[in-house]
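What follows is one structure encoded as structure tokens, with my remarks underneath.
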Amino acid sequence: MAKKNTQRKRTFTRTDIQTPADTYESIADLEARLRTEEQPVLPANASAGTVLERDTIRVAEKAFQWRRPKRNMVPRHDVIYDMAGALRDGAQLPPITVFAVGAAFYVIDGHHRLAAYDTASVSKIPAKVFSGTLEEAERFALRSNSRDKIPMAKADKREAAWRLVRQGKKVDSITSIAKDASVSQSTVSNMRAVLKRLRELKVAEEDIGELTWNSARLRAQGIEEQAELEDWREAEAQKLVEDIARAKLGGRLTKNPDITAIALAKLHDGLPQALMAQWTADEDNLPLEPFDPHADDADEPL
């Protein structure tokens, strides 16, 4: 009589999600390596599909990740969690796409899938090796639209367009940038005008490279203090996101928005309305007075 397989499937929770370490290399760093390192010996038919050892795969988000860092953490983790569960149950994911630099392979499409493989402790990764140039690989990362991808937010698209405008490559036109980043041509024209103005103001190229689109727009208008405030707000918001993640509240906040709205109103009656006003102002690039939770304290009985 055949012996039954009693091995239990591995179980894990969202706290077990693993995200790949970042090398923090930029396109310029990879260009330098390509000039000095030997061309890799690729597996046969690598562009059609192969299997790579996990320790040969790298992540360089500055080069190939076009989303703003640490945004939409809850939906991204949900995607990773679901894919890791599918792997545990024996499913196969589409191959990731990588770009070879020396003996390493950099992910250009499939960051969430790689995180799912790490979460599920899978060490042999199905992959396709990109056969074009580094510049083509960078654009492929933007244009790719794999099944496990989360749609880019409007702000992500604007930041992608701003990055392309800053790069100033000869092959790029207003039309091509608008198409690649999925923004309007008028947005790209405005960005080019802002970049020109920043250079007229003698802002260092290194500093321009660090500016978000909102900060660049403000600097070009000569509102440097507001630009610095924008950077400070972004940094403080990121700290709050990390606090929420550490408290494991992210899933609860996004699962039932109606309950979240009630909870925020319980914290302060005016908070939901202030948030709505802020989001509308951000979308329209309008200034807004900061929300003061103590503004009506004088009317409350002691």
(request) Before anything else, pin down the relative contact order of the range 10-151: Cα pairs under 8 Å, at least 6 apart, normalised by residue count, whole percent. (result) 34 percent
(request) Go through Lys124/Lys170; Lys128/Lys179; Lys157/Lys266; Lys62/Lys124; Lys128/Lys157; Lys196/Lys239 and tell me which ones have a Cα-Cα distance over 31 Å in this structure. (result) Lys124/Lys170; Lys157/Lys266; Lys196/Lys239
(request) Binning at 5 Å from 0, report for the range 10-151 what percent of all alpha-carbon pair distances ends up in each bin. (result) 2, 10, 21, 23, 21, 13, 7, 3, 1
(request) Would you work out which of Gly49, Ala103, Trp66 lies farthest towards the positive end of the dipole of the range 16-110, given +1 charges on the beta-carbon of Lys and Arg and -1 on that of Asp and Glu, about the Cα centre? (result) Trp66
(request) Enumerate the amide H contacts of Val101 below 5 Å, restricted to partners 5 or more residues apart or on another chain; note that Pro and chain-start residues carry no placed amide H. (result) Tyr106
(request) Taking amide H positions as placed in the peptide plane 1.01 Å from N, state which residues far from Asp109 in sequence (5 or more) or on other chains have amide H under 5 Å from it. (result) Thr97
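Where a number appears in this text, it was derived from the coordinates with a stated rule and is not lab data. These figures come from a predicted structure and were not determined experimentally. Glycine also receives a Cβ, built like all others from the backbone with ideal geometry; neighbour counts cover every protein chain displayed.
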